[in-house]
Amino acid sequence: SITFGIREFTANGHHFYINGKKTFMRGKVDCCVFRLTGYPPMDVDSWLRIFKIAKSYGINLYRFHSWCPPKAAFIAADLVGMYLQPELYTFYYDFVNGNNKAFNDFQLDEGLRILKTYGNHPSFVMFAYGNENVGSEAVLREFTKTFKTFDKRRLYAQGSNSDFHNPHYYDGDDYWTMMRTDKGNIRASFSHSDLPLGYLQIEEPSTIHDYHDATCHSPVPVMSHEIGQYQFYPRFEEINKYTGVMHPYNLKIFKKRVEEKGLLNQAQDFLKANGQLAISCYREDIEAALRTDTLAGFQLLDIQDFPGQGTALVGILDAFLDSKGLITPEKWREFCAEIVILCLFDKYVYKNKERFKGTVKVANYSPNDLKNFTVNYRLISSTGKTLTSGTLPAQTIPQGALYELGKIDIHLDINHNEALTLELYEPTTGRINSYPLWVFTELDAVPSYDIKTRLDEDTITRLENGERVLMFYQGKPDNSIDPFFTPDFWNHKMFSNACKSRGLPLPPGSLGLLINDKHPIFQNFPTTYHSDFHWFNIVMHARPLILDGLFDYIPIIQTIDNINRNHRLGILMEFKVGYGKLLVSTLDFTQIIDKIEVKHFINSLHAYLNSEDFNPTYAVSIAELKQIFN
């Protein structure tokens, strides 16, 4: 007997269709990570667990990065309802006419065997010939012709992110998966060796970015390749899970390095803080894809850690597909699901007399139209109080549509600085989404300070005389690192080496901020313990200062370093210097003094400097300060 499924999976225009219904691929990349055995499971139950976990996070597509899973995976995917894209085993391979014909023939034969063996499984909807291949399109075009002649029941592509240095559509392919097209980027982040960087890495945060202009010209559906890759700090408790054939040498080495630098006691706080920033970045990456009417899907790298290539801890799940406790599946599905409520607005930070204006859209890739769909919105204070609310008129959201439901216009008449939450809720389906906003009161003038590049004699004299000193200090390459807002891409070791080989500047390599949000300096500056979008301008103009010599010091605002370098870093510090008191910010505000959050940050520093709360306890000598700053 033969078990098979009947379905029609097609490409038409910019989108995929399943049995005539437009669908959107919310994919993840599977890099063959099986830490206990070293090989993929051959039983259906194990794959059922894998796919059910992924589906709980809104994933509906598995891309098997340059490999094909065993039959058990196809059976489980049929049962769970997971689309699959297996690939031939080629990774950055140069397919050249007449070169290594034996290898090319082997790959062609292997592809035919995959189609013959697994072709009856309805979950098998796409087939690609490897990862980031280059070389002869003629060879790969012959693959497509042969495979389509043999089996027309699925879609074919010559590879994932093929020839990415010269992105172009491969003639004859049914779909196109790239990190950027010939018209521009189609994901939010990139490594520093694959310039230009993504908008989320360099532009002031908003929710208006999409990839229409980079995808609308494509003759076939386009998927974003390996989006995300935001690095998480290690969770060293994972070491104890390695009870099989593989040993966590990498995690043990990282743990030892962290301990030697005196940072191990902060490891859990680093993960918690850096993890929330990474999740915010993943969310924006995913929502940008959903905001694009001419994009057919994305492939995340990843919701799961990858222990190879220098160790890429890029997942909300560890290498065992277990949660790190940073976000629940339900919360993740607010922005990664078949129905997502989106709000488009041009900034996160407002003055208190401004109006918040947003456009609400609904991405509906469920099987049916959504009739009488409405959205209740409310603006919530930091204490949970509803400040204002409203309801958008009920409408029918067509199946397969990115549909504009209505607009929100709120007068932000708030007389103090506050972090707010915009909540969007549909009562019939229970769909919900929310966005952070920050509101600051108008502030015309701020105290005047100079930007210093060294610890000068005037500052030393004032400290020796017992004065209070606020120093804005701009570090140099030998005592600080480059500022950067988003977490390091993939992992620092791999792409630092790539930058070196190409003669490019090295990536900054930081992972976000750990903020002492209970510190009195933030009495009038709303923040939590981690980086968020209102910190973007400040972070991008504040060089983290290297404080390795202060072995047990924890800055007020600490920059989290990557696990290859492990610097103790800070952008806001306070010290007791003899009878003097020193407050240090590494913010260079000269180019961003017009930003309201920057004005209030400077004002908060000045107010703290002159308050009774300013009483630093960590003592350093003038000699130690000179070593740090000069």
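Return the calculated 222 nm mean residue ellipticity for the chain, to the nearest 500 deg cm²/dmol, obtained by summing -39500 (n - 2.57) across DSSP H runs with n ≥ 4 and dividing by the residue count.
Values: 14 runs with 148 residues, N = 630.
After summing the helix terms and dividing by the residues of the chain, the value is -7000 deg cm²/dmol.
Which whole-angstrom value gives the distance between the alpha carbon centres of the stretch 481-532 and the stretch 424-438?
Their Cα centres are 29 Å away from one another.
Once you have the alpha carbon radius of gyration of the stretch 473-595, what is it after dividing by 2.2 N^0.38 Å, with N set to its residue count? Let's see the in-between values first.
Numbers: Rg = 15.1 Å, N = 123, 2.2 N^0.38 = 13.7 Å.
Against the empirical 2.2 N^0.38 Å value, I get 1.10 for the stretch 473-595.
Averaging sequence separations of C-alpha pairs under 8 Å and six or more residues apart, then dividing by the length of the chain, give the relative contact order as a whole percent. Can you show the working numbers first?
Numbers: 1413 pairs, mean separation 78.1, N = 630.
Across the chain, relative contact order equals 12 percent.
How many percent of all Cα-Cα pairs in the stretch 55-186 sit more than 18 Å apart? Don't skip to the answer; put the middle values down first.
Details: 4538 of 8646 pairs.
Across the stretch 55-186, Cα pairs with separations above 18 Å total 52 percent.
Can you work out the Karplus-derived ³J(HN,Hα) for every residue in the stretch 254-268? Use 6.51 cos²θ - 1.76 cosθ + 1.60 with θ = phi - 60°, whole Hz, and x for glycine or proline.
After applying 6.51 cos²θ - 1.76 cosθ + 1.60, I find 4, 4, 5, 4, 4, 5, 5, 8, x, 10, 4, 5, 9, 4, 5 Hz.
Considering every pair of different Cα atoms, what Kirkwood radius, in Å, is found for the stretch 9-321? Walk me through the intermediate numbers first.
Values: mean 1/r = 0.0491 Å⁻¹.
Evaluated over the stretch 9-321, this radius sits at 20.4 Å.
Averaging sequence separations of C-alpha pairs under 8 Å and six or more residues apart, then dividing by the length of the stretch 222-349, give the relative contact order as a whole percent. Each step should come with its number before you reach the end.
Details: 141 pairs, mean separation 41.9, N = 128.
Once divided by the residue count of the stretch 222-349, the mean separation gives 33 percent.
Hey, can you grab everything whose amide H is under 5 Å from the amide H of Gln231? Only 5+ residues off in sequence or another chain; H modelled, so Pro and N-termini drop out.
Answer set, sorted by chain and number: Asp488, Trp490.
Can you pull out the trypsin sites (Lys or Arg not before Pro) in the stretch 117-205 that DSSP calls coil and that have at most 12 other Cβ atoms within 10 Å?
When the trypsin sites (Lys or Arg not before Pro) of the stretch 117-205 are filtered for loop state and at most 12 Cβ neighbours within 10 Å, Lys152 remain.
With only alpha-carbon pairs counted, each pair once and no self-pairs, how large is the Kirkwood hydrodynamic radius of the stretch 264-368 in angstroms? All intermediate terms of the calculation are to be shown ahead of the outcome.
Details: mean 1/r = 0.0623 Å⁻¹.
Computed over the stretch 264-368, the radius equals 16.1 Å.
Which residue, Leu108, Thr23, Phe34, has the largest displacement toward the positive end of the dipole of the stretch 11-131 when charges sit on each Cβ (Lys, Arg +1; Asp, Glu -1)?
My answer, from the dipole projection, is Thr23.
Treating only the Cβ atoms of Lys and Arg (+1) and Asp and Glu (-1) as charged, compute the dipole magnitude of the stretch 457-629 about its Cα centre; round to the nearest 20 debye. Spell out each step's value before the answer.
Working: 15 positive and 19 negative charges, 91 e Å.
For this selection, approximately 440 debye.
Give, in whole angstrom and from largest to smallest, the semi-axes √(5λ) of the equivalent ellipsoid of the stretch 405-559, with λ running over the eigenvalues of the Cα gyration tensor. Intermediate results must be reported in sequence, preceding the final value.
On the way: eigenvalues 242, 141, 41 Å².
Output for the stretch 405-559: semi-axes of 35, 27, 14 Å.
Please express the shape of the chain as an equivalent ellipsoid: the semi-axes are the square roots of 5 times the eigenvalues of the C-alpha gyration tensor, given largest first in whole angstrom. Spell out each step's value before the answer.
Values: eigenvalues 425, 176, 88 Å².
Largest first, the chain gives 46, 30, 21 Å.
When you have a sec, figure out the Kirkwood radius of the stretch 353-440 from all distinct Cα pair distances and drop it here in Å to one decimal?
Numbers: mean 1/r = 0.0719 Å⁻¹.
Kirkwood radius, the stretch 353-440: 13.9 Å.
Which of Ser531, Ser46, Ser448, Ser382 has the fewest other C-beta atoms within 10 Å, and how do the rest follow up to the most? Numbers along the way, then the final one.
Numbers: Ser531 30, Ser46 16, Ser448 7, Ser382 11.
Starting with the residue having the fewest Cβ neighbours, the order is Ser448, Ser382, Ser46, Ser531.
Give a quick list of trypsin sites (Lys or Arg not before Pro) in the stretch 498-603 that DSSP marks as loop, anything other than H, G, I, E or B, with at most 11 other Cβ atoms within 10 Å. Mind showing how you got there, number by number?
Details: sites: Lys500, Arg502, Lys518, Arg565, Arg568, Lys576, Lys581, Lys595, Lys599; in loops: Lys518, Arg565, Arg568, Lys595.
Filter output for the stretch 498-603: Lys518.
When only DSSP loop residues count, what GluC sites (Glu not before Pro) in the stretch 591-630 have their Cβ near at most 10 other Cβ atoms within 10 Å? If you can, show how the numbers build up before the last one.
On the way: sites: Glu597, Glu612, Glu624; in loops: Glu612.
In loop regions of the stretch 591-630 (DSSP not H, G, I, E or B), the sparsely surrounded GluC sites (Glu not before Pro) are Glu612.
Taking the alpha-carbon centroid of each part, what is the distance from the stretch 552-570 to the stretch 199-229 in angstrom?
So the two Cα centres are separated by 32 Å.
Please tell me the relative contact order of the stretch 353-440 in percent, rounded to the nearest whole number, where contacts are Cα pairs under 8 Å and at least six residues apart.
On the way: 193 pairs, mean separation 31.1, N = 88.
Across the stretch 353-440, relative contact order equals 35 percent.
Run down the lysines and flag those whose C-alpha is under 23 Å from the C-alpha of Lys407, throwing out any fewer than 8 positions away in its chain.
By straight Cα distance, Lys407 reaches Lys347, Lys351, Lys353, Lys357, Lys361, Lys371, Lys385.
Bear in mind that the values in this text are calculations on the coordinates, not laboratory data. Here the structure is a predicted model, which is why all the values come from computation and not from measurement. Methodologically, a virtual Cβ is constructed for each residue, glycine included, from the backbone with ideal geometry; neighbour enumeration extends over all protein chains shown.
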